[in-house]
Structure formats: C-alpha cells, structure tokens
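Below is one structure, written out as structure tokens; comments come after it.
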Amino acid sequence: MLRILLVAASAAALVACSTTVKEAPSGAGPAAAAAVRNLAIRNVSGSTTAANVTPEIVAALTEAIRSQLGGGVAGGQPADVTFVISDYRVVSKATRFMVGALAGSNRLTVDVTVKSPSGATLRQFTVTRSANTMGVGAVMNQKGSLIAQTAEGVAKTVRGEK
C-alpha cells in the first residue's frame, strides 16, 4: 500500500509542474523562422497588466530573462525582447504549510514579443509556468523558483529550443 501511495505521489509531483508555450502564427517560411532563432539580444524589458504584480517582480523577471538569454548569438540578427505579465499567483507560505497541494498552483503568464531594431515583430508567444510545490513550498522560495523557471521557458523559446 505504501508503495502505491509513493508512486501516486511521485506522479502527482511530476504533473504538478509545467511550462507551456503558445506561439502566435507568423506566416514566415522555414528560412525566416530559422533566422529568428539566431538573434543577438540588445535589450530585455517588461511590464504588467496584472494588479498584484509589483515593480520588483517585473524587475526580477527582466533580469532572469536577460541572464538566461545572455547576449544571444554573436553576429546574429539584432533583436529586443519585451514582455507583459498578464497573470501571477503565488500561494503564501502559511497557506502552503497549512493546506499543501490543495492550495493550488503558483503560476506566471507572460506575453512575449521579439522585435527587430526597426520595430518589426519577429515573434510573439505566451509562456505560462504552473507549479504546485505542495507542502515543500512552505520552506522554499516559491516566487524565485517561479520567476527562474518562467525565464528559462522564455529563453528556450527565443532560442528555438521549445
């Protein structure tokens, strides 16, 4: 019986965390799509439309994305990355301690646009990171982890890895 419970808990933990990416159709051919993956990132900036997002969260995500992307591909097409946080939720540590997984998932949704220096849109996509940290969230940095994993999803998509 204990073995079944452990297997079920492990499966739930794996399903509880996910990063999804939804890309807007570009209409560009394969050659244009490949060129968009070889970008030299000039700037990363962000904003929010979610009422519960503080400037510190926007700044932390901006820095995390900048760090994940580095400068992009040396000699690549110059590009700027902008994002808008449209949804944000982190369950408090107290609630996580008392209720655990039943408190629901933490989530962060960002709408990302990659533009050329002339302002032409090269790519648009949305990254949603969802994580249910269960009871362990009471002792971990849920916000930092959510931001780091979302930044990784954005960077992988910009690089064409997702």
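The values are calculated or read from the model by the stated rules, or taken from the named source; none is laboratory data. Remember, it's a predicted structure, so these values are computed and weren't measured experimentally. Heads up, the Cβs are rebuilt from the backbone with ideal geometry, glycines too, and the neighbour counts pull from every protein chain shown.
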**OP:** Return the pairs, sorted by first residue and then second, in which the second residue is assigned to a strand (DSSP E or B) and surrounded by 18 or more Cβ atoms within 10 Å (Cβ to Cβ), the first residue lies in the stretch 68-90 and is at positive phi, the beta carbons are less than 9 Å apart, and the residues are 6+ apart or on different chains.
**Re:** GLY70/ILE41; GLY72/LEU39; GLY72/ILE41; GLY72/ALA79
Subject >> Looking only at the stretch 23-82, and only at residues there that are in contact with a Ser or Thr (Cβ under 7 Å, 6 or more places away or on another chain) and assigned to a loop (DSSP other than H, G, I, E, B), the one that is modelled with the lowest pLDDT >> reply: ALA50
Original post:
What pairs can you find where one residue is in the stretch 41-56 and over 14 Å from ALA155 (Cα atoms) and without any contact (Cβ under 8 Å) to a residue 40 or more places away in the chain, the other is surrounded by 15 or more Cβ atoms within 10 Å (Cβ to Cβ) and of a type outside the set (A, V, I, L, M, F, W, C), and their Cβ atoms are less than 7 Å apart, with a gap of 6+ or different chains?
Top reply: THR49/SER86; ALA50/SER86; ALA50/ASP87; ALA50/TYR88; ASN52/TYR88; VAL53/TYR88
